[in-house]
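Submitted below is the structure of interest, expressed as structure tokens.
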Amino acid sequence: MADKQISLPAKLINGGIAGLIGVTCVFPIDLAKTRLQNQQNGARLYTSMSDCLIKTIRSEGYFGMYRGAAVNLTLVTPEKAIKLAANDFFRHHLSKDG
């Protein structure tokens, strides 16, 4: 089973799916981090990351956590697909003896 090679389109699709899942998992945390960083010192709306996430869900709903994620999904999906497929290709070709 280790000798069987996966085709390039399958590798690209797998990499794209990995990119989609990665952005989907990380985006709410990144959104909270950005909102915490953009606060002014005098008018603090959020006290912690969990407070930011809870207030965002209450005010904007669950999908408010993903507002603006389309840009990341559009850019990260092909980037991860190419990166992971190229990594696998070069690892396979450069790890041969000789």
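Readers should treat all values here as calculations from the given coordinates under stated rules, not as data from a laboratory. As the structure is a prediction and not an experimental result, all values here were calculated from the model. Don't worry about glycine lacking a Cβ; one is built from the backbone with ideal geometry, like all the others, and counts go over all protein chains shown.
Excluding same-chain residues fewer than 8 positions from Lys4, which lysines have a Cα within less than 18 Å of its Cα?
The qualifying lysines are Lys96.
Test of understanding: extend the Cα→C-beta vector of Ala70 to 7 Å, then name every residue of the range 6-27 with backbone N under 18 Å from that spot.
The answer is 20, 23-24, 27.
So, one more: Loop only per DSSP, at most 12 neighbouring Cβ atoms within 10 Å: give me the trypsin sites (Lys or Arg not before Pro) in the chain, ordered by residue number.
Hits after loop and neighbour filter: Lys4, Arg44, Arg67, Lys96.
Between Gln37 and Ile6, what length in nm is gained on full extension when 0.36 nm per residue of separation is reduced by their alpha carbon distance?
6.9 nm
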